Amino acid sequence: MADIFEIFGELSYFGIFLILIGVNASPILMPPSWIVLTSFYLLDPNLNIVLLSMVGATGATIGRFILKKISGLFRKFVGEEQKSNLDIIGDYLNRKKFGYVIASFLFGATPLPSNMLFITYGLMRAKSLGIYIGFW
């Protein structure tokens, strides 16, 4: 694993950005973004921590956007009852002014893996900028 960090570490912030897109676009079995960012910072303490955080948050958000889009393609395999349940949740969040922002923020602020949230958003075909604002 250290080899991956060294390879992408040579690309500096852009390498970190690419790794976080890949990690967050994966639906399962990936380390949290903060572990990836901490690992890069420990390998190179000269990295600007504010810039590293912004690059990390942006890469993670783009990765989750990709995950949401890909998981939306699998809605056709979901049963009608589950589609109905997803639509009910989506309608509820759409009626609330900050529904998606709060839901995404709460997942982002807890140790819960947010990939299941973005898979659900994809299956719901959620279309709200609040999804990403709360996560970023």
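FYI, it's all coordinate maths here, none of it is from the lab. Computed from a predicted model, the values in this text were never measured in an experiment. Note that we place each Cβ from the backbone using ideal geometry, even for glycine, and neighbour counts take in every protein chain shown.
Residues checked against (1) surrounded by fewer than 16 Cβ atoms within 10 Å (Cβ to Cβ); (2) not small (Gly, Ala, Ser):
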residue: Val78; (1), (2): yes, yes
residue: Ser84; (1), (2): yes, no
residue: Asp87; (1), (2): yes, yes
residue: Tyr100; (1), (2): no, yes
residue: Leu106; (1), (2): yes, yes
residue: Ile119; (1), (2): no, yes
residue: Lys127; (1), (2): yes, yes
Failed item, numbered, when Lys97 is tested on (1) in a helix (DSSP H, G or I); (2) without any contact (Cβ under 8 Å) to a residue 12 or more places away in the chain; (3) more than 21 Å from the chain's Cα centre (by Cα): (1)
message: Exactly one of these conditions fails for Asn94: (1) surrounded by 11 or more Cβ atoms within 10 Å (Cβ to Cβ); (2) closer than 20 Å to Ala25 by Cα. Give me its number.
response: (2)
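Here is a yes/no grid of residues against (1) touching a residue at least 40 places away in the same chain (Cβ under 8 Å); (2) in contact with a Gly (Cβ under 9 Å, 6 or more places away or on another chain); (3) among the small types (Gly, Ala, Ser); (4) surrounded by fewer than 18 Cβ atoms within 10 Å (Cβ to Cβ):
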| residue | (1), (2), (3), (4) |
| --- | --- |
| Asp3 | no, no, no, yes |
| Ile7 | no, yes, no, yes |
| Ala25 | yes, yes, yes, no |
| Ile28 | yes, no, no, yes |
| Ile35 | no, no, no, yes |
| Leu42 | no, no, no, yes |
| Val50 | no, no, no, yes |
